[in-house]
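A.B. asks: Let me give you the structure first, and then I'll get to my questions.
Every number here is computed from the coordinates shown, using simple stated rules; none is lab data. Predicted model only: the values in this text are computed from it and were never measured. So basically every Cβ, Gly included, is an ideal-geometry build from the backbone, and we count neighbours across all protein chains shown.
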Amino acid sequence: MSDLLESVPNFSVGRDQSVLDALGEAFGAAGVRVLDVHADADHNRSVFSVVADPDTLVEGLASAIAVAASRIDLTRHEGVHPRVGSADVVPFVRFRPDDTRPELAARALARRIAMLGVPAIGYGELGGGLRPAAFRSGGLERLAERIAAGDVVALAGPDRPHPTAGVVLLGVRPPLVAFNVDLDSQDVGVAREIAAALRERDGGLAGVQALGLAARGGAQVSTNLIDIDATPLAAVVDEIERLAAARGVGVKGSELVGLMPARVAAAAAGTALRLSGFGADRLLEVASGGEFGQE
């Protein structure tokens with residue numbers, strides 16, 4: 001796996017299976033391996049976890065983004081998740097600080113995106129540390145104004161969003177965990193209150209982003225753990241349960257979006273089982289390199 005790169009592109013489609021199939025086919029035709037697809041109808045969004053060598057990954061992402069730009073029309077898009085692009089967010093994941101390949105691949109992809117007439121806007125390590133939320137605030141119309149004013153400058157591509165495909169937020173970032181918690185309530189206001197108390201920028205937990213949304217038949221707290229070492233996943237769930245209980249609401253269930261690093265899962269399991277120092281190396285499939293535990 002050491003020669004592979006991972007990307008986790010988020011596309012603004014979660015209801016049209018034909019488009020999801022076309023995205024998967026674009027990756028497959030280029031030789032990219034799709035590890036996971038998470039599609040959500042309420043968010044109207046899909047998250048693909050894909051890996052390949054750098055050149056193959058750029059080729060597959062360019063093909064999939066072209067499919068998204070031609071098949072997903074933001075002017076007719078509806079969904080509870082904020083978005084500014086048909087291929088809304090395309091991150092390359094940097095697992096080692098000294099690995100320069102993610103940035104090189106991202107910049108090569110930016111040039112391919114520009115050929116579609118779509119601006120590629122850098123975020124994360126390509127955008128001064130800014131997160132996608134910094135560009136989504138105010139929606140695509142506000143972002144277009146910021147681009148026109150020179151406040152936001154694309155890595156490559158035109159100086160205005162594509163009429164129907166918007167922009168691509170293209171980044172390099174460390175691994176993160178996207179995790180949603182469903183409340184036993186229909187009150188989205190409660191979910192928003194909990195999200196505000198939870199997220200770091202409002203004085204909550206370190207490395208946690210959160211939104212309160214209506215999804216999966218009720219109110220949902222949608223989180224991103226952008227620093228997986230700052231706050232354990234189990235602590236996030238515990239805090240949501242505490243904040244919900246204080247408002248007379250229970251937790252109905254949870255949802256992992258995409259994949260998570262094994263050490264995050266191991267830490268959560270260790271907390272639940274009261275196993276101090278339980279790490280990914282205690283998982284059979286990890287310790288054996290996948291040799292055991294396969295059916």
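A.B. asks: What span do the alpha-carbon atoms of segment 5-173 cover on each of the three principal axes, reported in whole Å from largest to smallest?
C.D. replies: 39, 38, 25
A.B. asks: Tell me, what HN-Hα J-couplings in whole Hz come from the Karplus equation 6.51 cos²θ - 1.76 cosθ + 1.60 at θ = phi - 60° for each residue of segment 115-128, using x for Gly and Pro?
C.D. replies: 5, 8, x, 10, x, 9, 10, x, 9, x, 5, 9, x, x
A.B. asks: I'd like the FRET efficiency for residue 33 and residue 98, computed as 1/(1 + (r/R0)^6) with the beta carbon distance as r and R0 of 22 Å, rounded to 0.05.
C.D. replies: On the way: r = 24 Å, r/R0 = 1.11.
Efficiency computed from Cβ-Cβ geometry: 0.35.
A.B. asks: May I ask you to list the GluC sites (Glu not before Pro) in segment 60-143 that are in a DSSP loop and have at most 15 other Cβ atoms within 10 Å of their Cβ?
C.D. replies: 78
A.B. asks: Using a cut-off of 13 Å between beta-carbons, work out the net charge of the residues near residue 28 (Lys and Arg +1, Asp and Glu -1, residue 28 not included). Let's see the in-between values first.
C.D. replies: Details: positive: 33; negative: 21, 25, 59.
Every neighbour counted, the sum reads -2.
A.B. asks: Output wanted: per-residue J couplings in Hz (rounded whole) for segment 202-214, from phi through Karplus 6.51 cos²θ - 1.76 cosθ + 1.60, θ = phi - 60°, x for Gly and Pro.
C.D. replies: 9, x, x, 7, 4, x, 10, 10, 7, 9, x, 9, 9
A.B. asks: Another question about this same structure. Give me a comma-separated list of calculated 3J(HN,Hα) values for segment 56-68, in order, Karplus coefficients 6.51, -1.76, 1.60 applied at θ = phi - 60°, integers in Hz, x for any Gly or Pro.
C.D. replies: Per-residue couplings from phi come out as 5, 5, 4, 4, x, 5, 4, 5, 5, 5, 4, 4, 4 Hz.
A.B. asks: Using a ≥ b ≥ c from the Cα gyration tensor of segment 177-285 (square roots of the eigenvalues), is it rounded, prolate or oblate, where a/c under 1.5 gives rounded and otherwise the larger of a/b and b/c decides, a/b for prolate? Can you show the working numbers first?
C.D. replies: On the way: a/c = 1.95, a/b = 1.77, b/c = 1.10.
Note, shape of segment 177-285 comes out prolate.
A.B. asks: Between residue 160 and residue 111, how high is the FRET efficiency from 1/(1 + (r/R0)^6) when r is the Cβ-Cβ distance and R₀ = 25 Å? Nearest 0.05. Mind showing how you got there, number by number?
C.D. replies: Numbers: r = 18 Å, r/R0 = 0.72.
The pair residue 160/residue 111 has a calculated efficiency of 0.90.
A.B. asks: Next up: Once you charge only the Cβ atoms, +1 for Lys and Arg and -1 for Asp and Glu, what is the size of the charge dipole of segment 1-125 about its Cα centre, to the nearest 20 debye?
C.D. replies: Around 300 debye, computed over segment 1-125.
A.B. asks: Additional query: Starting from the Cα gyration tensor of the chain, multiply each eigenvalue by 5, take the square root, and state the resulting semi-axes largest first in whole Å. Working shown, then result.
C.D. replies: Numbers: eigenvalues 178, 123, 64 Å².
Values for the chain, descending: 30, 25, 18 Å.
A.B. asks: For residue 274 paired with residue 245, estimate the spin-label separation in nm (one decimal), with each label point 7 Å from Cα along the Cα-to-Cβ line.
C.D. replies: Taking the simple label geometry, residue 274 and residue 245 are separated by 1.7 nm.
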